[in-house]
Amino acid sequence: MIGRHFALLKASPPRKGSKSQRARREGEKVIFVGEMAESKSGLRKPVFTKVDQLRPGTSGHTLTVKVVDSKIIRQKGRADGPQSRQPRIAECLVGDETGMIVFTARNDQVELMKADATVVLRNAKIDMYRGSMRLAVDKWGRVEVTDPADFTVKEDNNLSLIEYELVSVVEE
């Protein structure tokens, strides 16, 4: 973000209005003094995670995965109802060389999740569904189809088959 600072050539007594408005009223010149140093943008390079590093309740993951299987599980709404747009949900089995996990694709994401496609999931999060982990990308994330990856998916490590249980720990 670039900001500007202005200074008056001639000092004037305090009056109502901003300095630039007072300068225009009084016929003074407003000169450009300098620019603020450009602040570094809030963007940072993505750190790519592997599937076996995913843990319950975490978010902000960026992964490159291959789609192993994809099937539409639900089409909500009615075509003749007030909402003609039918939200779709698909469960896709995705993975990399370290393991596999179920990815829940919603609406426009469903078309991108074709079998054998390689996709980059940005700002993905782990949702818990019936005690198992599901990967999802909400409106703050992005699903991008990319060039085919040269890895083979490790199919014997499916993280969605591991069942988790929430345990309360009482500290004394």
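One residue is enough: does the stretch 102-119 have a residue meeting the conditions on the phi > 0 side of the Ramachandran plot and either at pLDDT 90 or above or out of contact with any Gly (no Cβ under 6 Å at 6 or more places or on another chain) (or both)? Write out each step before concluding.
Taking the stretch 102-119 as the starting set, the residues that turn out to be on the phi > 0 side of the Ramachandran plot are 107, 116.
Then keep just the ones that are either at pLDDT 90 or above or out of contact with any Gly (no Cβ under 6 Å at 6 or more places or on another chain) (or both); that gives 107, 116.
Yes: one or more hits.
Please determine, by comparing only the residues of the stretch 144-158 that are part of a strand (DSSP E or B) and within 17 Å of Lys114 (Cα to Cα), which one is most open to solvent (accessible area, probe 1.4 Å). Walk me through how you get there before you give the answer.
Taking the stretch 144-158 as the starting set, the residues that turn out to be part of a strand (DSSP E or B) are 144-145, 158.
Okay, now just the ones that are also within 17 Å of Lys114 (Cα to Cα), so 144-145.
Working: Glu144: 53, Val145: 88 Å².
Per the stated criteria, the residue is Val145.
Please work out if Val120 is open to solvent by 20 Å² or more (accessible area, probe 1.4 Å) and in a strand (DSSP E or B).
So Val120 fails the test.
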### Query
Can you name the residue in the stretch 123-143 that is more than 14 Å from the chain's Cα centre (by Cα) and among the charged types (D, E, K, R) and is also most open to solvent (accessible area, probe 1.4 Å) among such residues?
Arg130
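Scan the stretch 159-172 for residues that are among the hydroxyl-bearing types (Ser, Thr, Tyr) and assigned to a loop (DSSP other than H, G, I, E, B) and jot them down. Quick ask: steps written out before the conclusion?
In the first step, residues of the stretch 159-172 are kept if they are among the hydroxyl-bearing types (Ser, Thr, Tyr); the result is 160, 164, 168.
Hits for the stretch 159-172 are Tyr164, Ser168.
Which members of the stretch 103-116 meet the condition of being part of a strand (DSSP E or B) and surrounded by fewer than 20 Cβ atoms within 10 Å (Cβ to Cβ)? Walk me through how you get there before you give the answer.
The first filter runs over the stretch 103-116 and keeps only residues part of a strand (DSSP E or B), leaving 103-106.
Within the stretch 103-116, Thr104, Arg106 meet the criteria.
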### Task
Please go through the stretch 58-88 and pick out each residue that is at pLDDT 90 or above and farther than 18 Å from Asp116 by Cα.
Thr58, Ser59, Gly60, His61, Thr62
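Looking at the stretch 127-143, which of its residues are part of a strand (DSSP E or B), out of contact with any Lys or Arg (no Cβ under 7 Å at 6 or more places or on another chain) and closer than 19 Å to Gly57 by Cβ? Don't jump to the end; show me each part of the working.
From the stretch 127-143, those part of a strand (DSSP E or B) are 127-129, 132-136, 142-143; that's our starting set.
Those left that are additionally out of contact with any Lys or Arg (no Cβ under 7 Å at 6 or more places or on another chain): 128-129, 132-135, 143.
Listed by number, the residues that qualify are Met128, Tyr129, Ser132, Met133, Arg134, Leu135.
The values are calculated or read from the model by the stated rules, or taken from the named source; none is laboratory data. Nothing here was measured: the structure is a model prediction, and the numbers come from that model. Here the Cβ is made from the backbone with ideal geometry for all residues, glycine too, and neighbour counts use every protein chain on show. Side chains included, ligands, DNA and RNA excluded: accessible areas come from the protein's heavy atoms. Shrake-Rupley method; radii C 1.70, N 1.55, O 1.52, S 1.80 Å.
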